[in-house]
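What follows is calculated from the coordinates using simple rules that are stated; it is not laboratory data. Note that this is a predicted model, so its numbers are computed, not measured. Note that we place each Cβ from the backbone using ideal geometry, even for glycine, and neighbour counts take in every protein chain shown.
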Amino acid sequence: MQYYTVVGDSYDEAVRKAREMYGNEIRIHSRRDYTTRGGFFSRKKTRCEIICYLGKSEYKDEKANDTDIAEFEKEAKTPDPSTLPPEERLNTEIYRTKHVNPEAASLLDLNHITDPLRAKLLEDFPEEGDVSVILSSRLLEAVTFDYSKQLHPRRFVVFIGPTGSGKTTTLAKAAYLFSHSDRSVGIITLDTYRTGAFEQISAFGNALSIPVISASAEDELLKAIERYSWKDTVFIDTMGLSPKDKELNLRLRGMLSLLDSDRTDYVLTVSASMKEEDIMEQYSSYASFSPSSIAVTKLDETETIGNVLSFSYSVGVPITFFTDGQKVPEDIKKASSSLLLEHMKGFGLDMKGFKAQLSL
């Protein structure tokens with residue numbers, strides 16, 4: 001049977017193009033929804049790719065009748081593979097027809113890596129070679145780290161993220177890192193709503209010898225910025241947002257609009273223990289701030305970070321920090337290839353042992 005690939009900006013457009021190209025006898029075998037990565041001069045786009053074949057019909061030389069078209073429309077309503085469990089997804093997605101290496105697919109499932117990153121890693125997979133080594137190499141090429149921001153943070157570094165994601169402790173750890181790299185830093189907290197929030201960040205500041213200022217209104221924020229005018233980098237802690245709390249969302253947006261956008265970075269804190277779909281749902285509350293990097297928290301609460309890597313790849317936002325515990329300031333590390341591979345389950349790469357050998 002001959003298969004045909006058709007791509008459109010949406011599922012309906014892909015189906016329409018398939019019918020225009022191959023007629024009403026076309027049948028849908030599978031579909032794949034994905035998002036293209038933007039570049040310097042292009043934006044991310046949502047795309048739909050369908051695999052089609054020609055169905056048997058007694059009317060090859062005639063125009064299809066209403067029954068044929070109705071049957072086509074019924075078959076065209078195939079599910080989005082990303083909504084299916086892994087065992088069903090293998091039987092429906094496009095890469096099934098491309099002779100996917102079963103060992104590679106199993107490793108990706110083990111690490112909860114989903115499309116579009118999954119499809120990227122499995123594309124034209126070599127028939128020979130060590131699967132874990134090949135996947136490791138491809139993973140490091142696909143996932144990006146923001147090394148520039150690790151070395152040269154902007155004037156304002158705003159930490160955003162839901163309550164419970166480790167936002168405040170991660171900010172304190174990051175501030176300490178930069179304070180010990182010949183940078184003068186200060187902390188401003190806008191979280192005056194959560195009980196004990198100011199006391200928590202103040203305790204961190206006192207322990208780390210970093211000044212902390214609280215600002216609950218725009219004029220207080222302007223005064224805090226003026227007091228820190230001589231600081232190299234100012235870290236700003238924010239309150240957790242809820243999509244239902246529009247008043248708080250607008251209040252935070254109004255205060256952050258006072259910052260010079262050309263000198264401001266937004267770091268989104270993401271818990272490694274969360275499911276990717278939950279991460280994406282929370283991301284919708286902060287997407288309007290255009291996060292420039294991700295801080296992956298709570299690595300000590302999970303065995304793999306494939307969910308976060310899939311999320312990072314999908315939204316096109318690089319990773320800057322990893323945190324793996326509650327200790328301040330010890331439990332934070334700048335994102336790196338070796339740290340990524342340490343947290344990939346079943347790859348057979350003992351990165352911790354390798355680093356121990358290097359330290360001998």
Computed FRET efficiency, Cβ-Cβ of Asp124 and Asp300, R0 30 Å: what is it to the nearest 0.05?
0.25
Cα gyration tensor category, rounded, prolate or oblate, for segment 139-180 with a/c compared to 1.5:
oblate
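Residues with beta-carbon under 15 Å from that of Val131, excluding Val131: net charge, scoring Lys, Arg +1 and Asp, Glu -1?
-4
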For segment 147-345, state what percent of all Cα-Cα pairs lands in each successive 10 Å bin, counting from 0 Å until the bin that includes the largest distance.
9, 39, 38, 14, 1
Around Arg183, with a cut-off of 15 angstrom between Cβ atoms, what is the net charge of the other residues, counting Lys and Arg +1 and Asp and Glu -1?
+4
Quick one: net charge of Arg194's neighbours, Cβ under 11 Å, K/R +1, D/E -1?
-2
At a threshold of 8 angstrom on Cα-Cα distance, excluding pairs fewer than six apart, so keeping six or more, what relative contact order does segment 147-345 reach in percent?
26
DSSP loop GluC sites (Glu not before Pro) in segment 239-304 with at most 16 other Cβ atoms within 10 Å of their Cβ, which ones?
Glu303
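For segment 147-345, with only Lys/Arg (+1) and Asp/Glu (-1) charged at the beta-carbon, what is the dipole magnitude about the Cα centre, in debye rounded to 20?
Approximately 300 debye in magnitude.
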Going from the fewest other Cβ atoms within 10 Å to the most, one would list Ser314, Ser216, Ser229 as Ser229, Ser216, Ser314
From the phi of every residue in segment 185-197, what ³J(HN,Hα) in whole Hz does the Karplus formula 6.51 cos²θ - 1.76 cosθ + 1.60 yield, where θ is phi - 60° and glycine or proline is x?
10, x, 10, 10, 10, 9, 7, 9, 9, 7, 4, x, 5
Quickly work out the Asp260-to-Tyr53 label distance, labels modelled 7 Å from Cα along the C-beta direction, and quote it in nm with one decimal.
6.2
For Val133 paired with Ser336, estimate the spin-label separation in nm (one decimal), with each label point 7 Å from Cα along the Cα-to-Cβ line.
2.2
Calculated FRET efficiency, Leu250 and Asn206, Cβ-Cβ r, R0 41 Å, to nearest 0.05?
0.80
